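Quick note: the coordinates plus some simple rules give every number you see, no bench work behind them. Keep in mind the model is a prediction, meaning the values are calculated, not measured. Counting neighbours? That spans all protein chains shown, and the Cβs are built from the backbone with ideal geometry, glycine included.
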Amino acid sequence: MNKKMLAAVLALLAATAMPAAHAEESPWLLRVRAVYVDFDNKQSDGLPLGGSTAIEAKSRWIPEFDISYFFTKNIATELVLTYPQEVDIKVGGSKQGTIKALPPSLLLQYHFTDLGAFKPYLGLGLNYTLFSDRSNILGGAAEVESSSIGLAAQAGLDFALSRNWSLNLDVKYLQMDTDVKVGGTKVGNVGLNPITWGLGVGYRF
């Protein structure tokens, strides 16, 4: 093979390899969302107090940040993070304290990739919530447990705006319950079990 033919072959290989390298996507995807947390507040095991005095977490908007890693084009894992959020506690309909909750979740996802710019996904995993300032209810008379662990389920949609940027819609259901204690004695259980509704943007490196 002469030098001119070798150069032509190398040029052809380079020309065919460059689009493939360009088309290869990074496995990392970052998103930020505004999320509305809608608590279920199911009362059990002795609550409501006195037959009608329910202990409830007030639904609210929070910021959310997540990191996804794609093992394949369809299979990914997502770590959902935020900073400790203040959760207003109502007793009998009136605010009687504020606790803090840090609720990271880890989910395994399946992404549907044959719909063009629309990329829906489903996820299933675990939520682990850490509660702090948890004695700040009824002037310290009542408190909740320090942590909660439960299942997390997710459905969402990424809409590609470009090769890197996308819009995101996301809905999650989180199992989150905690015992309520008064004077150190358990008086009942609150199933917070929120549904979260999120809207945000994503960037894939």
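What the table shows:
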quantity: Reachable lysines, given that their alpha-carbon falls under 25 Å from the alpha-carbon of Lys119 and they are not under 8 places away in the same chain; calculated: Lys73, Lys172
quantity: Amide H partners (placed H, <5 Å) of Ser147, local residues excluded; calculated: Phe131
quantity: For segment 26-204, alpha-carbon Rg over 2.2 N^0.38 Å; calculated: 1.15
quantity: Cleavage-rule hits (trypsin sites (Lys or Arg not before Pro)) in segment 156-205: DSSP loop, at most 11 neighbouring Cβ within 10 angstrom; calculated: Arg163
quantity: In order through segment 180-189: 3J(HN,Hα) via Karplus (6.51 cos²θ - 1.76 cosθ + 1.60), integer Hz, x for Gly, Pro; calculated: 10, 10, 10, x, x, 10, 5, 10, x, 9
quantity: Euclidean distance of C-alpha centroids, segment 173-202 and segment 119-135, integer Å; calculated: 10 Å
quantity: Estimated [θ] at 222 nm from DSSP helical runs (n ≥ 4, -39500 (n - 2.57)) normalised by residues in the chain, nearest 500; calculated: -3500 deg cm²/dmol
quantity: Crossing angle, helix 3-23 versus the chain [Cα axis fit, 0-90 degrees, rounded to tens]; calculated: 20 degrees
quantity: In segment 92-183, chymotrypsin sites (Phe, Trp or Tyr not before Pro) in a DSSP loop with at most 14 other beta-carbon atoms within 10 Å; calculated: Phe112
